[in-house]
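Working notes, structure below.
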Amino acid sequence: MNEDIHLKYLTIGPNDQLWGMAVNSLGFQDVAPGEPYPPSSHPSRYLFSEKNGRVLDEYQLLYITQGRGRFRSASLPHPLAIKQGSLFLLFPGEWHSYAPDPATGWKEYWIGFKGNQIQEWVKNGFFSKESPLWNIGLHSDIVDLYTDAIETAREQRAGFQQRLSGVVAHLMSLAWYYRRNEDFSEVADKMNRAKILIAEQFRTISPEDLSRQLCLGYSNFRRIFKEYTGLAPSQYIQQIRIHRTKEMLTNTSLPIKQVAYEMGYENEDYFFTAFRRMAGMTPMEYRELTQGGRPRKK
């Protein structure tokens, strides 16, 4: 993008609101060292001073690709340092203030949006006012999405708001993805190794076996694995077993008892109970359904 400043402020129609997410504003600006911030090209409702801050009625996701600065908000006890590769989220109704360091300036992308979808993500704990900034580093895919959004807003073809909502969803998913992987940077290799071991040995391996092979204490391993995958090790192993069992039921004609044995289930009753709990039907019903039969009426 060649322009030092590229801003776009958008209207939102009734159908756009029904879509679940709509974009109010987006842009890019290259703030030179010592330059006033924000620039005077902003409309009055977006202008603020670093000292007084402001409150918005929308979410904004900002990405800094060069320079440094600082960020403050009502939910933070201390200012946070912003640096190259910082991504931060502003919340509606939340007082905040941020600005580049006059010595460095910065390059900033942002997109402002609102809707039910982002509110659900916040409600379910994916994003919070208490943790609004993530130092994820520089990623070209994020810059490409912002650039695509600016071009889409410039053209404003039919359905552009729906396309922009997809860009926002992609940006937020990448924010979550890169943030999570940054959180687990020191143990990611071990957790991925654990997943490979499970894939290779799911018939016989236990969580205790995994912790020993990874040289981690069991309690520590179980906690980290659950945080990393969303499942306890035993639940993850069970899901892999059931998934492989489904493949065998669909793609072979082996007796169900033999399928259970080959998948590591030595107790047939336990196998039937576990399969029905996770699949919502018996192994025989699953086989009939996936091999071209009709589901039985209950």
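The values are calculated or read from the model by the stated rules, or taken from the named source; none is laboratory data. Every value quoted in this text rests on a predicted model; they were computed, and no experiment measured them. Glycine also receives a Cβ, built like all others from the backbone with ideal geometry; neighbour counts cover every protein chain displayed.
The table for this structure:
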read-out: Any strands (runs of 3 or more DSSP E) falling wholly within the range 26-112 and containing at least 2 residues that are polar (S, T, N, Q); value: 59-67
read-out: Some residue of the range 136-149 being crowded, with 16+ Cβ neighbours inside 10 Å, touching a Lys or Arg at 6+ places or on another chain (Cβ under 7 Å) and under 23 Å from residue 226 (Cα atoms); value: yes
read-out: Residue match in the range 279-292 (condition: in contact with a Phe, Trp or Tyr (Cβ under 9 Å, 6 or more places away or on another chain), closer than 27 Å to residue 178 by Cα and in a helix (DSSP H, G or I)); value: no
read-out: Residue that is exposed (fewer than 14 other Cβ atoms within 10 Å of the Cβ), assigned to a helix (DSSP H, G or I), more than 20 Å from the chain's Cα centre (by Cα) and not aromatic (Phe, Trp, Tyr), where the choices are 200, 227; value: 200
read-out: Qualifying residue in the range 70-81 (condition: under 21 Å from residue 150 (Cα atoms), surrounded by 15 or more Cβ atoms within 10 Å (Cβ to Cβ) and modelled with pLDDT of 95 or more); value: no
